[in-house]
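Q: Okay, handing you the structure first.
The values are calculated or read from the model by the stated rules, or taken from the named source; none is laboratory data. Only a predicted model underlies this, so the values are computations on that prediction, with no experimental measurement involved. Note that each Cβ is placed from the backbone with ideal geometry, even for glycine, and that neighbours are counted across all protein chains shown. Heads up: the accessible areas ignore ligands, DNA and RNA and are worked out on the full protein's heavy atoms, side chains in. Shrake-Rupley method; radii C 1.70, N 1.55, O 1.52, S 1.80 Å.
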Amino acid sequence: MEIFERRYFTLNKTLLSSAGLWPYQNRRKKFCIRSFVNLIIGIFVIFPQIVRIYSYLGVNMDLMVEHSAVLLYIMTIYLKFLTSVFYEEKLRVVYDNIAKNWQLIKDVNEVNILVQYSENGRFLTIGYIMYIIAACLAYILLPMAPILLDVFVPLNQSRPRFYILGGEYFIIDKVEDYGKVYMFDVLAVIVSVWLICAVDSMYAASIEHCLGLFAIVKLRLRMCTQPSCEGPRGRDASYKLIVRLIRMHKDIINFTDILESSYSSSFLILVGINVIFLSFECIIVLTRFGQAMEMMRYSMIMFGIVVHLFYISWPGQKLIDLSLGLFQDTYLNEWYACPTRAQKLLGLMTLRCSKPCHLTAGGMYVMNLSNFAKIVKTSLSYMTVLASFR
């Protein structure tokens with residue numbers, strides 16, 4: 001597993017290890033971290049939100065919808081964590097395959113391709129983490145604005161305080177205990193965004209590695225269909241190269257199937273909750289119309305949901321494009337210079353490449369940019385309809 005100690009995956013490994021989701025981690029350490037996450041997210045955050053929603057049921061529908069959206073956000077992160085734990089063995093197979101590929105591929109040009117796509121994965125990881133940190137800081141610091149305004153622009157009375165999550169913690173003096181609740185909410189938000197960074201970034205890095213393998217297949221395809229040397233030796237070498245190529249293509253398809261099965265259930269839950277969450281946020285933004293600070297907070301959340309959906313949909317689109325592009329690459333080459341038996345193999349490969357590899361959410365929703373656009377468009381349509389009733 002030396003590859004995960006190198007610059008391409010070391011950040012992903014660190015994030016997963018700190019979240020207790022690295023399959024090769026010490027069991028005791030992993031158990032302690034997972035217990036901490038379950039305690040913070042599962043008990044000390046979700047339960048207070050449920051109590052708060054119940055207290056507003058039939059009393060204040062606007063606040064009930066607001067806290068329902070917060071609960072959906074927390075549930076999304078928690079289910080992302082639980083599915084990663086549940087599919088740990090499948091993810092171990094994914095990481096084993098990544099390490100195996102780095103060990104088996106020795107050709108300089110092919111290694112350079114893997115390096116290029118691994119660097120892309122590293123860039124996506126760093127960029128996503130920077131965005132998440134910036135969004136997290138903006139979200140947790142915004143409720144401090146009334147306190148700062150009371151200091152620098154005081155009024156005759158204190159401005160109302162805003163909570164980050166706003167769960168029911170059964171406090172008596174909300175002013176006196178505001179700092180304690182605020183710090184606990186900050187801890188919960190940091191834990192949740194840490195889980196997002198760990199799971200999503202490794203998913204993107206794994207897909208980039210798979211894309212690198214497809215790019216190597218494309219390179220080998222171009223090399224093995226060059227005009228063969230005259231004589232039986234040259235033709236036999238061409239045939240053997242194509243056999244190796246097809247075996248590698250089959251291994252990559254198996255690898256994508258493992259990836260798909262590892263993330264499919266998680267995607268189904270995430271996409272479903274995110275669609276509901278986005279609809280809730282549209283309602284909240286409309287109900288907070290005219291309240292600048294609240295509008296800003298929930299607009300940031302809506303933007304974050306869209307970015308998250310785009311981040312998990314974009315790699316799926318690239319996988320479809322590159323795997324489907326092999327269909328043209330298989331046909332638009334000098335296949336006619338290959339031996340007859342090699343041409344037959346290329347014909348079979350062409351048929352298989354006509355069906356692109358893709359990632360799905362439970363087999364019902366394909367992770368691509370087209371479906372991402374449909375979700376955003378539908379949510380905005382709901383928002384427009386709701387706005388017409390105001």
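Q: Where does each of 115-127, 47-59 land if you order them by average Cβ count within 10 Å, highest first?
A: Values: 115-127: 17.8, 47-59: 14.8.
For the peptides 115-127, 47-59, the packing ranking is 115-127, 47-59.
Q: Using amide H atoms built in the peptide plane, which far-off residues or other-chain residues are under 5 Å from residue 360 H to H?
A: 367
Q: If you don't mind, another one. Taking K and R as +1 and D and E as -1, what net charge do the other residues with C-beta under 11 Å from the C-beta of residue 329 add up to?
A: So the surrounding residues net to +3.
Q: If you count, for each residue, the other Cβ atoms within 10 Å and average over each peptide, how do 64-72, 3-11 line up from highest to lowest?
A: Descending mean neighbour count gives 64-72, 3-11.
Q: Over the chain, with a Gaussian network built from C-alpha contacts below 10 Å, which listed residue (331, 139, 311) shows the highest mean-square fluctuation?
A: Of the options given, 331 has the highest mean-square fluctuation.
Q: Continuing with the same structure: Return one whole number: the accessible area per residue of region 72-215 in Å², for a 1.4 Å probe.
A: 48 Å²
Q: Also, quick follow-up: Using alpha carbons only, how many degrees (0 to 90, rounded to 10) separate the axis of helix 292-331 from the longest principal axis of the chain?
A: The angle comes out near 10 degrees.
Q: Here is a follow-up. Any chance you could get the radius of gyration and Dmax over the Cα atoms of region 1-131, in Å?
A: Reported Rg and Dmax, both Å: 19.9, 68.
Q: In the calculated pair distance distribution of region 64-139, what percentage of Cα-Cα distances lie above 20 Å?
A: 60 percent
Q: Among 146-152, 190-196, how do they line up from the highest to the lowest mean number of other beta-carbon atoms within 10 Å?
A: 190-196, 146-152
Q: Choose one of 24, 325, 35: the residue whose Cα lies farthest towards the positive end of the charge dipole of region 2-389 (beta-carbon charges +1 Lys, Arg; -1 Asp, Glu; about the Cα centre).
A: Looking along the dipole axis, the top candidate is 325.
Q: Compute the FRET efficiency between residue 237 and residue 328 as 1/(1 + (r/R0)^6), taking r as their Cβ-Cβ distance and R0 = 30 Å, and round to the nearest 0.05. Could you put the intermediate results ahead of the total?
A: Details: r = 25 Å, r/R0 = 0.83.
FRET efficiency, residue 237 to residue 328: 0.75.
Q: Take the solvent-accessible surface of the protein heavy atoms, probe 1.4 Å, and return the percent of it on the chain that carbon and sulfur atoms account for. The partial results should precede the final answer.
A: Values: 12950 of 19720 Å².
Accessible surface attributable to carbon and sulfur in the chain totals 66 percent.
Q: May I ask for the angle, rounded to the nearest 10°, between helix 232-287 and the longest principal axis of the chain, with both axes built from Cα atoms and the value confined to 0 to 90°?
A: Between the helix axis and the principal axis of the chain, the angle is about 10 degrees.
Q: Whole number please: convex hull volume per residue of the Cα set in the chain, in Å³?
A: 160 Å³
Q: Kirkwood Rh over Cα pairs of region 106-151 into Stokes-Einstein at 10 °C, 1.306 mPa s: D in µm²/s? Numbers along the way, then the final one.
A: Numbers: Rh = 13.6 Å.
So the translational diffusion coefficient is about 117 µm²/s.
Q: Same structure again: Using the basic label-point model (7 angstrom from Cα toward the beta carbon), what is the residue 99 to residue 28 distance in nanometres?
A: Going from the residue 99 label point to the residue 28 one covers 2.2 nm.
Q: Against the longest principal axis of the chain, how steep is helix 340-353, in degrees 0 to 90 to the nearest 10, with axes from Cα atoms?
A: 10 degrees
Q: Ok, one more. What pairs in 218/355; 29/80; 90/250; 318/355; 218/344; 29/100 have C-alpha atoms more than 23 Å from each other?
A: As for pairs spanning more than 23 Å Cα to Cα, those are 29/100.
Q: Output the relative contact order of the chain, whole-number percent, from Cα pairs under 8 angstrom with separation of 6+ residues.
A: Once normalised by length, the contact order is 21 percent.
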